[in-house]
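The structure under discussion appears below in the form of structure tokens.
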Amino acid sequence: MKAFVHLADDLDLSAVPAKTQDDLPLSQATLAVKDLFDVQGMPTGCGSPIYTGAVANQSAEVVRRAERAGVKIAGKTVTTEFATFKPGPTTNPQNMAYTPGGSSSGSAASVGAGLVSHGIGTQTAGSVIRPAAYCGVVGFLPTMGSVSRTGLKVVSPSLDRVGVFARSVSAVRRLGEEIADLPVFASLDEGPKRIGFFDDATWAEADSYTQDTLRSFKAKVREDGEIVVDLGNGQRLFDLIDAQCDVMAYEVLKSLEHELTNHSALISDQLRTYCQEAANITADQYAGALEVGQAGRLWMEALFADLDAIASPSAKTLPPKGLGSTGDPYVNRAWSLLYLPCITLPTAPLHNNLKGAVQLVAGFGQDQRLLDLAARFEPGMAQIGRENSQQEV
């Protein structure tokens, strides 16, 4: 599966799968760390030959916090080159013929394969939520600013966020509460929850599995006595997607100036082309894209005044076949620019052992309420596709 680039010296891989139950305390948890974070005594390669053998002198703050909670670091996992788009060697644990997703693919795949109980990654466009969806696990992306980025190779200061992978909502919650400064809110009351859905036309470009999964989830929300809120057409999300593309490209180019200037021969053709195209984005375009993001956050603030969560696809399609692409960040880009907490919940297998997923998004700082909601909907999500799964077997 090729999820790891470096394993802890004292790690006994044969013993790790026994430590993956969701009810175990963090003192028995094992953590896969994306190879953009520093871990003391381990190399930080950032998916690039430029940093081969560069051993970290101290661990990133998020790693230190996990260790203080008793988590054992299993090793460093594959990332795409500087968390951009050049695919790594990792395969999908559900079906090795398919991609595991974007730059946090190694962490997501190691959790999906049962090698570790938890993983951490980063998201600039869609590289927590999408790999979690592709690998059939839960991915949680806390509100922007709630997790320290000290000791992380940041490629987009306006967008980069740290996220968590595990196989259940309770498991991502346990680690998330240790590594993030999550505001404390009262638990959900027992009354019906208001879940927003954009109309079907919004997701016209998604594949049939994705559209059917979202419709099935919507039906389950109704069946459970919750309130479905019609948000109309979500075309504005695609304006945010365009803005996120500009912000990301502009900032990646600035962040990699040293590497591009001093190690250009070790930059992949794919990343070099991306940066050349990014150079065409003007400062005014960048400023305009940031303004689009700010306007979008005000739009969301107004929506969440009367909503508990918004449901959307976690990915545009089921994982694409082959390792030539990491898949389309799709609507993940919009939620990244909006800075809101997100979580993806997997279905049962839908096709070729691959699972679908739905992403739930809550208001800014509403992480704990989002986790409560996700736990509430988790059992129903796991039933979607169950009949199809049994038929395929």
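The values are calculated or read from the model by the stated rules, or taken from the named source; none is laboratory data. Fair warning: this is a prediction, and the values are worked out from it, not measured in the lab. All Cβ positions, glycine included, derive from the backbone under ideal geometry; neighbour counts span all protein chains shown. Remember, those area values only see protein heavy atoms, side chains included, never the ligands or the DNA or RNA. Shrake-Rupley method; radii C 1.70, N 1.55, O 1.52, S 1.80 Å.
Results, tabulated for the structure shown:
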| quantity | calculated |
| --- | --- |
| Using a Förster distance of 22 Å, the FRET efficiency for T150-F185 (Cβ separation, nearest 0.05) | 0.25 |
| Cα-Cα P(r), the range 262-309, percent of pairs per 5 Å interval | 5, 17, 13, 13, 12, 11, 10, 10, 6, 3, 1 |
| Order by protection proxy (mean Cβ within 10 Å, highest first), peptides 107-118, 71-82 | 107-118, 71-82 |
| Given charges at Cβ of Lys, Arg, Asp, Glu: the chain dipole, positive-most of Y330, S216, A348 | A348 |
| Filter on K153/K355; K218/K355; K2/K34 - keep pairs with C-alpha separation over 24 Å | K153/K355 |
| Label assignment, percent of Cα pairs over 33 Å apart derived from the structure, set (i) 59; (ii) 44; (iii) 25 | (iii) |
| Formal net charge of residues neighbouring A219 (Cβ-Cβ distance under 12 Å; K, R +1; D, E -1) | 0 |
| Aspartates and glutamates whose Cα lies under 16 Å from that of K254, excluding same-chain neighbours fewer than 8 positions away | E81, D160, D246, E277, D284 |
| Theoretical gain in end-to-end length, A219 to A265 [0.36 nm per residue, Cα-Cα removed] | 11.3 nm |
| Range of Cα positions in the range 39-116 per principal axis (Å), largest first | 37, 31, 16 |
| GNM flexibility winner over the chain from E223, E378, E61 (Cα, springs under 10 Å) | E223 |
| Net charge over other residues, Cβ less than 13 angstrom from the Cβ of V252 (K, R count +1; D, E count -1) | -3 |
| Contact order normalised by residue count of the chain, Cα under 8 Å, 6+ apart, percent | 19 percent |
| Descending semi-axes in whole angstrom, ellipsoid equivalent of the range 259-371, from the Cα gyration tensor | 30, 25, 11 |
| Between the range 215-229 and the range 238-293, the Cα center-to-center distance that results, in Å | 40 Å |
| Binned Cα-Cα distance frequencies in the range 80-238 - 10 Å width, integer % | 10, 30, 38, 21, 2 |
| Amide H within-cut-off set for K34, under 5 Å, with H built and near neighbours excluded | T77, I120 |
| Cβ charges +1 (Lys, Arg) and -1 (Asp, Glu), total dipole of the chain, debye | 700 debye |
| Two-site FRET efficiency, R297 against E257, from Cβ-Cβ distance with R₀ of 22 Å, rounded to 0.05 | 0.20 |
| At R0 = 41 Å, FRET efficiency that the Cβ-Cβ distance of T273 and A382 yields, to 0.05 | 0.50 |
| Integer Hz, Karplus 6.51/-1.76/1.60 couplings in order for the range 117-132, x for Gly and Pro | 7, 9, x, 10, x, 10, 10, 10, 10, x, 8, 10, 5, 5, x, 4 |
| Of all accessible heavy-atom area on the range 249-393, the percent that carbon and sulfur account for (1.4 Å) | 51 percent |
| Net charge, G327 excluded, C-beta distance under 10 Å - Lys, Arg +1, Asp, Glu -1 | +1 |
| The range 1-152 - charge dipole about Cα centre, Lys and Arg +1 at Cβ, Asp and Glu -1, debye rounded to 20 | 260 debye |
| Per-residue [θ]222 nm for the chain (sum of -39500 (n - 2.57) over DSSP H runs n ≥ 4, rounded to 500) | -11000 deg cm²/dmol |
| Hz values of 3J(HN,Hα) by residue in the range 304-310 - Karplus curve (6.51, -1.76, 1.60), Gly and Pro given as x | 6, 5, 10, 9, 9, 6, 10 |
| Approximate spin-label separation V228-A54, in nm, with each point projected 7 Å along Cα-to-Cβ | 5.0 nm |
